[in-house]
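The values are calculated or read from the model by the stated rules, or taken from the named source; none is laboratory data. Worth saying up front: this structure is predicted, and the values here are computed from it rather than measured. Don't worry about glycine lacking a Cβ; one is built from the backbone with ideal geometry, like all the others, and counts go over all protein chains shown. Ligands, DNA and RNA are excluded from the accessible area calculation, which covers all protein heavy atoms including side chains. Shrake-Rupley method; radii C 1.70, N 1.55, O 1.52, S 1.80 Å.
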Amino acid sequence: MKNNKKIIPVASPDLTGNEKKYLNQALSSSWISSTGEFIDKFELEFAKYIGSKYAVSTSNGTAALHLALASMGLSESDEVIVPDLTFISTVNAVSYCRATPILVDIEKQGFGININNLESFISRKTKVIIPVHLYGIPANMEKIMEIAKKHNLLVLEDSAEAQGAEVKIGSIWKKVGGIGDAGIFSFYGNKIMTTGEGGMVVTNNKNLNDKMILLRAHGESHSGHYFHPQLGFNYRMTNMQAAIGLAQIERINKLLNIKKNISDLYREQLKNVQGITIPETNYQTRNVCWLFSIIVDIPYPLTRNQLISKLAKKGIDSRPFFIPIHKQPNYIQKGNFQNSAYASEHGLNLPSGYDLTNQEINYICESIKN
Ligand SMILES: *Cc1c(COP(=O)(O)O)cnc(C)c1O
């Protein structure tokens with residue numbers, strides 16, 4: 001059996017481009033803090049890539065969420081609609097603003113926020129909807145934007161796991177993150193692209209962009225040093241992170257192609273396995289394979305957790321889906337979260353790292369089939 005010694009990781013970055021070169025340039029220039037040419041270049045290239053007017057880099061994706069929400073003027077009397085199945089950051093950022101997250105179940109198939117009864121969660125206090133493009137699968141943005149427009153709500157896309165994914169709006173394919181009033185991205189080590197830690201907010205709204213730049217650096221007034229009329233933060237990215245980010249965004253299409261090949265191979269090999277379902281949406285999307293996701297249920301002979309243990313014994317790392325927010329100690333509540341509870345119990349993410357070989361994918365799929 002192959003891979004007896006090496007463990008196949010769930011995710012691994014690809015740093016084989018200009019990362020070292022640019023990082024060394026940043027070091028040599030001695031601009032290693034949060035001013036420097038790479039920050040401007042990275043923001044510019046990122047905005048161009050998404051097709052947004054502005055991009056504001058941050059220290060991480062959670063900071064990006066908080067910065068965007070704070071700049072939207074969110075306060076303690078406001079409610080924010082979020083999907084029940086997401087990484088904890090999405091709701092924590094709402095809590096940082098002292099606003100109330102309103103949890104909504106996900107769609108059974110695609111894992112985006114459920115649009116069918118979304119409107120019933122909207123109240124006079126609702127200010128923002130945060131769709132999450134979970135595991136690289138876009139939420140139903142066409143419907144979400146329609147609903148937001150009708151009720152005069154802001155939309156902040158959590159695109160942390162879906163950089164490069166596209167969804168059809170009318171007859172036009174659009175990149176996620178660039179559709180709502182703002183979109184955030186994460187460059188944590190296991191994300192589509194990385195800067196070690198890092199994040200970005202994109203927007204077409206000049207006022208929002210200016211506010212974010214202000215609050216990112218302590219809300220310091222333009223009129224003088226050390227005068228802070230607004231409550232701000234230190235959420236700046238360093239020039240070193242941006243140097244790595246620039247090298248990554250230069251190669252983003254190549255990186256996404258590697259992900260696509262991984263996903264195509266998994267799909268091909270797992271499509272006829274009884275009890276293994278590959279998620280699909282009932283609207284048109286071009287997913288990116290952040291982590292390749294499957295649903296494990298009968299007639300598959302093992303439960304999801306049993307499969308995780310079996311794979312681990314064969315040197316294959318895998319990850320269960322997130323625990324729903326309504327089951328997290330800080331947000332515990334009752335409600336109809338049938339689909340998120342189901343996905344959380346049956347969902348599994350398979351290795352999808354950049355150095356994953358075809359043989360390893362074959363080995364993983366054979367292990368699942370046997
Ligand atoms: C990773 C992630 C974040 C936060 O990003 P960090 O850079 O780790 O702070 C936010 N939302 C989702 C859905 C994520 O997966």
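See the values below:
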quantity	calculated
Sole exception among (1) over 27 Å from Met141 (Cα atoms); (2) open to solvent by 50 Å² or more (accessible area, probe 1.4 Å); (3) of a type in the set (D, E, K, R) for Lys211, by number	(1)
Test result for Pro229, modelled with pLDDT of 95 or more and open to solvent by 60 Å² or more (accessible area, probe 1.4 Å)	no
Residue in the stretch 141-154 that is open to solvent by less than 10 Å² (accessible area, probe 1.4 Å) and not in a helix (DSSP H, G or I) present	no
Selection within the stretch 109-136 - away from the ligand (no atom under 12 Å from the Cβ), of a type in the set (Val, Ile, Thr) and in a loop (DSSP other than H, G, I, E, B)	Ile115, Ile122
Selection from the stretch 112-140 of residues that are over 18 Å from the mean Cα position of the chain (by Cα) and open to solvent by less than 10 Å² (accessible area, probe 1.4 Å)	Leu118
Of residues in the stretch 168-204 being touching a residue at least 60 places away in the same chain (Cβ under 8 Å), more than 16 Å from the ligand (Cβ to nearest atom) and not small (Gly, Ala, Ser), the one surrounded by the most Cβ atoms within 10 Å (Cβ to Cβ)	Thr203
Complete set of residues in the stretch 1-46 that are open to solvent by 50 Å² or more (accessible area, probe 1.4 Å), modelled with pLDDT of 95 or more and of a type in the set (Gly, Ala, Ser)	Ser28
Any hit, the stretch 47-68, residues being open to solvent by 80 Å² or more (accessible area, probe 1.4 Å), under 21 Å from Gly164 (Cα atoms) and not basic (Lys, Arg)	no
